[in-house]
Structures are given as structure tokens and as C-alpha cells.
Amino acid sequence: MMKWIFVICLKGILRQRNIAADHVTSLAAAESFLEKTAPPVIFLDNHLSDGLGVEYVRTIKSRFPYSKVIMITAHDTAHDRERAYREGVDFFISKPFNRDTILRTIENISLD
């Protein structure tokens, strides 16, 4: 249940900036979705039903080197952050997040 509230909240925040967003709730669904589209920004939860998002970052970056990956997790330790950045995430956001954190992150992304 919390996952859906999180997705709806994040989509609502992005919509305020006229950013269209799609969502999936598993790595398998992400794989299927990414076969059809190359999003410029990917918000990636670390703890998904079928695995860790951090283990999928290199796959995303190898296929879409210009996509920005923003890791979102409730498990925010120095080790988690270090691993996420080592794997290639561009930004790391801890849960619970707020609207300002998401909007600041979006503003910091350069979509050249």
C-alpha cells in the first residue's frame, strides 16, 4: 500500500512542474518499460518486490547513458549512498522526502 501512495505523491509533485511521469512497481516491469522508451530521468526505488534497484543501475546506465537516475530509499546509510553512487546514480534521496526535495533535485538535473 505504501508504494502506491509514494508513486501517487511523486507523480503529483512532477505534474506540478508539467512533467509527465509513468511508473512501474518492479524491476521486471521496469525492464519491459525500458524496452519501449528512454526516459531522461528515472526515479528508482531501491527496495522493490523483485530485487534491489541499486543492482539495476548499471543496466540502465549502459543502455541509457544520458538518463539521470535518482535513487530513492528509506535505507539511507553511508554504505547505501556510497554503493548507489559507485553504481552510477546521479542523485540520492532519502524517504520520507518532501516536495521541495524533489523539485530541487529536478532543478539540479541538466538535461542537455
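Read-outs: derived from the displayed coordinates by stated rules, not from any lab. From a predicted model like this one, the values you see are computed outputs, not experimental measurements. Positions of Cβ are generated from backbone atoms using ideal geometry, with glycine treated the same way; all protein chains shown enter the neighbour counts.
Here LYS11 is the anchor, and the aspartates and glutamates within straight C-alpha reach of less than 13 Å, apart from those fewer than 8 places off in the same chain, are ASP22. Values of log10 I(q)/I(0) for the chain across q = 0.10, 0.14 Å⁻¹ run -0.26, -0.53, by the Debye formula with one identical scatterer at each alpha carbon and no solvent. Springs join every pair of Cα atoms under 10 Å in this Gaussian network model of the chain, and among VAL54, VAL24, VAL69 the largest mean-square fluctuation is at VAL24. Apply the Karplus parameterisation 6.51 cos²θ - 1.76 cosθ + 1.60, with θ equal to phi minus 60°, to every residue of segment 48-54 and state each ³J(HN,Hα) to the nearest whole Hz, in sequence, with x for glycine and proline. Computed from phi, the couplings for segment 48-54 are 10, 4, 10, x, 8, x, 4 Hz.
Take every pair of alpha-carbon atoms less than 8 Å apart whose residues are at least six positions apart; their mean separation over the length of segment 2-108 yields a relative contact order of 22 percent.
Distant-in-sequence amide contacts of ILE42, defined by a placed amide H-H separation under 5 Å and a gap of 5 or more residues or a different chain, comprise LYS68, VAL69, ILE70.
Scanning the chain for helices, which whole DSSP H stretches are 15 Å or more long along the axis (Cα) and average -0.5 or more by Kyte-Doolittle?
Membrane-span-like by this rule: 2-16.
By DSSP, the beta bridges lying fully in the chain are antiparallel in about 20 percent of cases. What whole-number distance in Å separates the alpha-carbon centres of segment 21-36 and segment 87-101? Answer, in whole Å: 19.
Sparse packing (at most 12 other Cβ atoms within 10 Å of the Cβ) combined with a DSSP loop state is found for the following chymotrypsin sites (Phe, Trp or Tyr not before Pro) in segment 28-112: TYR66.
At most 12 other Cβ atoms within 10 Å and a DSSP loop assignment: could you name the trypsin sites (Lys or Arg not before Pro) in segment 1-91 that fit? Before the final figure, lay out the partial values.
Numbers: sites: LYS3, LYS11, ARG15, ARG17, LYS36, ARG58, LYS61, ARG63, LYS68, ARG81, ARG83, ARG86; in loops: ARG17, LYS36.
Those that pass, being in a loop and sparsely packed, are ARG17, LYS36.
Entry note, the chain: the mean residue ellipticity at 222 nm calculated from DSSP H runs of n ≥ 4, each adding -39500 (n - 2.57), is -13000 deg cm²/dmol after division by the residues and rounding to the nearest 500.
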